[in-house]
Amino acid sequence: MRTPDLYLRSIGVHLPPVVGIETAVTEGRYPADEVEYFRLGGAAVAGDVPAPELALRAARQAFERSGGLSPRELDLMLYSDVWHQGPEGWEPQYYLQQHLVGGDVLAVELRQGCCGLFSALQLTAGYLRPGGTALLVGADNHGTPLVDRWRMIEGAVMGDAGCALLVTTDTGFAELRSINVTVLPEAEAVNDGGVPMFPPDATVGRPLDFAARNREFRKRLIAGDGAEVMLAIQKTLLELVDRTLTEAEITLDEVARVAFPHGRWDDLENRGVNWLGLTMADTTWDYGAGIGHLGVSDQFVALDHLLTVGALAAGDHVLLVGLGAGTTMACAVLRILDVPPEYASGGPA
């Protein structure tokens with residue numbers, strides 16, 4: 001999907017303190033024999049700070065960086081997440097309306113796995129009219145009794161964060177050149193673990209263990225025609241990247257950096273980097289390995305980091321790639337128009 005006249009005005013990030021992997025080993029939370037192979041540095045841990053509060057702090061920073069935009073000027077607010085946000089029957093986006101933007105803006109919660117912010121961008125592209133402004137927020141705090149952040153995903157750990165994007169139709173520091181989100185329905189069972197759909201997990205206290213669920217899914221693949229499903233995921237992702245680059249009118253050689261989900265390095269290298277003809281140095285994996293998989297926020301927090309450390313300049317293109325349950329795949333291309341002063345001056349990240 002080509003996205004003419006759509007810009008990132010600012011990014012806000014709230015990243016809580018990182019608990020190092022060695023601390024997790026010392027506390028018996030992470031196995032010492034996996035440290036060397038998986039090369040993880042730690043996870044951002046929010047403690048008892050609710051996910052909507054992480055979102056609110058990130059949104060406030062996005063407005064502080066916006067050059068004068070007011071929360072009352074919004075036309076749309078989309079709130080993305082993957083994990084429980086608060087009391088059942090309570091809506092997290094209304095927390096931001098209460099404490100930041102007011103009640104006159106359309107505010108909707110989106111749940112599309114780890115590709116939620118990509119879907120929010122695509123919906124925003126179809127919703128905003130000239131002069132319009134949208135706030136897209138993503139937030140997750142995985143530190144709950146039903147999640148073991150250190151062992152839930154083999155080769156990765158779960159981090160917490162809030163992330164906010166202010167999107168406008170007139171001007172910004174980066175232009176959204178193209179975005180696409182697609183679903184491969186035949187792989188919808190990849191994370192169901194073979195457990196009943198009803199009653200839902202959280203209502204019966206069933207822990208979320210993606211490592212065990214992925215092992216169970218692989219057994220089903222071996223027993224059935226699993227090779228076709230896995231090849232379809234790979235083929236669909238590569239086609240999605242190619243289409244998005246074509247719509248952005250660039251080639252992969254013109255991309256300065258690529259941000260993937262913060263997953264295990266060997267999966268990224270074997271199923272993403274090598275297939276696309278990249279190297280790990282082209283990606284933001286090293287940064288992600290130090291803070292964990294943040295649910296919906298990985299690629300956008302990584303973009304903020306690239307700007308913070310001076311890794312991007314005006315004219316650079318950035319490729320963002322998403323992969324989530326469903327199986328959902330997403331891809332976006334941004335062109336940096338200028339580096340905002342808060343990054344150039346070494347301001348808060």
* **Order of exposure, largest accessible area first, which applies to 142, 99 with probe 1.4 Å** => 99, 142
* Asked: Taking amide H positions as placed 1.01 Å from N in the peptide plane, with prolines and chain starts having none, which residues 5 or more places from residue 283, or on another chain, fall under 5 Å of its amide H?
  -> 258
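Once R0 is set to 22 Å, what does the formula 1/(1 + (r/R0)^6) return for the Cβ-Cβ distance between residue 84 and residue 108, expressed as a FRET efficiency to the nearest 0.05?
Working: r = 18 Å, r/R0 = 0.80.
Here the calculated transfer efficiency is 0.80.
Applying a 10 Å radius around every beta-carbon, put 236-248, 316-328 in order of their mean neighbour count, most first. Could you put the intermediate results ahead of the total?
Values: 236-248: 18.1, 316-328: 22.5.
Per-residue mean Cβ counts within 10 Å order the peptides as 316-328, 236-248.
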* Asked: To the nearest 20 debye, what is the magnitude of the charge dipole of the range 152-266 about its Cα centre, counting +1 on the Cβ of each Lys and Arg and -1 on the Cβ of each Asp and Glu?
  -> 500 debye
* Taking H as built 1.01 Å from N, whose amide H comes closer than 5 Å to the amide H of residue 294, not counting residues under 5 places away? -> 159, 262
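Pulled fully out, how much extra length does the chain show between residue 230 and residue 281, if you take 0.36 nm times their separation in residues and subtract their Cα-Cα distance?
Working: separation 51, 0.36 × 51 = 18.36 nm, distance 2.57 nm.
Going from the current span to full extension adds 15.8 nm.
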* When the Cα centres of the range 86-107 and the range 168-190 are compared, how far apart do they sit, in Å? -> 24 Å
* Tell me, Kirkwood radius of the range 43-104 from alpha-carbon pair distances, in Å? -> 12.8 Å
* Using +1 at the Cβ of each Lys and Arg and -1 at the Cβ of each Asp and Glu in the range 276-343, identify which of 324, 292, 313 lies farthest towards the dipole's positive end. => 324
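Could you give the size of the charge dipole of the range 18-160 about its Cα centre, using +1 on the Cβ of each K and R and -1 on the Cβ of each D and E, expressed in debye and rounded to the nearest 20? Each step should come with its number before you reach the end.
On the way: 10 positive and 19 negative charges, 98 e Å.
Roughly 480 debye for the range 18-160.
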* **Residue-normalised accessible area of the chain, expressed per residue, 1.4 Å probe, Å²** => 43 Å²
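Grab the other residues whose beta carbon is less than 13 angstrom from that of residue 111, score K and R as +1, D and E as -1, and report the net.
On the way: positive: none; negative: 81, 91, 109, 140.
Summing Lys and Arg as +1 and Asp and Glu as -1 gives -4.
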* Asked: At q = 0.12, 0.16, 0.22 Å⁻¹, what is the log10 ratio I(q)/I(0) for the range 145-273, with the Debye formula run over Cα points and no solvent?
  -> -0.69, -1.11, -1.43
* Share of antiparallel DSSP beta bridges in the chain, in percent to the nearest 5? -> 70 percent
* Can you list residues whose amide H is under 5 Å from residue 10's amide H, if they're 5+ apart or on another chain and H is modeled 1.01 Å from N? -> 166
* To do: Could you please state, rounded to a whole Å, how far the C-alpha centre of the range 237-293 is from the C-alpha centre of the range 1-66?
  => 19 Å
* Asked: Using heavy-atom solvent-accessible surface (probe 1.4 Å) with all chains present, what is the largest-first order of 230, 152?
  -> 230, 152
* Structure fact -> Sorting 108, 58, 13 by the position of each Cα along the dipole of the chain (Lys, Arg +1; Asp, Glu -1; all at Cβ), the one nearest the positive end of that ordering is 108
* **Förster-model FRET efficiency, 41 Å R0, residue 171 and residue 94, C-beta, rounded to 0.05** => 0.85
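For the range 148-229, calculate the relative contact order in percent as a whole number, restricting contacts to Cα pairs under 8 Å that are 6 or more residues apart. Display every interim value, and only then the final one.
Working: 46 pairs, mean separation 29.0, N = 82.
Across the range 148-229, relative contact order equals 35 percent.
For the chain, which whole percent of the accessible surface, found with a 1.4 angstrom probe, sits on carbon and sulfur atoms? Intermediate results must be reported in sequence, preceding the final value.
Details: 7930 of 14920 Å².
Ligands and nucleic acids excluded, carbon and sulfur reach 53 percent.
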* Asked: Karplus couplings for the range 324-335 from phi (6.51 cos²θ - 1.76 cosθ + 1.60, θ = phi - 60°), rounded to Hz, Gly and Pro as x?
  -> x, 4, x, 7, 9, 10, 9, 7, 9, 10, 10, 10
* Structure fact -> Going residue by residue through the range 192-200, the Karplus relation 6.51 cos²θ - 1.76 cosθ + 1.60 with θ = phi - 60° gives ³J(HN,Hα) values, rounded to whole Hz and with x marking Gly or Pro, of 7, x, x, 8, x, 6, 9, x, x
* Cα-only Debye scattering, the range 143-206: base-10 log of I(q)/I(0) at q = 0.23 Å⁻¹ -> -1.12
* To do: Tell me the GluC sites (Glu not before Pro) within the range 75-174 that lie in a loop according to DSSP and have at most 10 other beta-carbon atoms within 10 Å.
  => 88
* P(r) of the range 253-344 over all Cα-Cα pairs, binned every 10 Å from zero, in whole percent -> 15, 52, 29, 4
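Taking a quarter of the surface of the Cα convex hull of the chain, what do you get in nm²? Spell out each step's value before the answer.
On the way: hull surface 67.7 nm².
Projected area, direction-averaged: 16.9 nm².
Against the globular-protein guess of 2.2 N^0.38 Å, express the Cα radius of gyration of the range 1-148 as a ratio, rounded to two decimals.
Numbers: Rg = 17.7 Å, N = 148, 2.2 N^0.38 = 14.7 Å.
Its radius of gyration relative to the 2.2 N^0.38 Å reference: 1.20.
Please report the net charge: other residues with Cβ closer than 15 Å to the Cβ of residue 252, K and R +1, D and E -1.
Working: positive: 177, 243, 257, 335; negative: 239, 242, 247, 249, 253, 254, 282, 316.
Local charge sum for residue 252: -4.
If you take the beta carbon distance between residue 37 and residue 70 as r and set R0 to 41 Å, what does 1/(1 + (r/R0)^6) give as a FRET efficiency, to the nearest 0.05? Please list the in-between numbers first.
On the way: r = 49 Å, r/R0 = 1.20.
Calculated transfer efficiency: 0.25.
Please identify every one of the chymotrypsin sites (Phe, Trp or Tyr not before Pro) in the range 6-111 that sits in a loop by DSSP and has no more than 15 other beta carbons within 10 Å of its own beta carbon. It would help to have the intermediate numbers written out before the result.
Working: sites: 7, 37, 38, 63, 79, 83, 90, 94, 95; in loops: 83, 90.
Answer by residue number: 90.
Normalised by the number of residues in the chain, what is the relative contact order in percent for Cα pairs under 8 Å and 6+ residues apart?
On the way: 751 pairs, mean separation 85.7, N = 349.
So the answer I get is 25 percent.
The values are calculated or read from the model by the stated rules, or taken from the named source; none is laboratory data. Computed from a prediction, not measured in an experiment: that's the story for all the values here. Cβ atoms come from the backbone with ideal geometry, glycine included; neighbour counts cover every protein chain shown. For the accessible areas, the whole protein counts, side chains as well, though only heavy atoms, and no ligand, DNA or RNA atoms are used. Shrake-Rupley method; radii C 1.70, N 1.55, O 1.52, S 1.80 Å.
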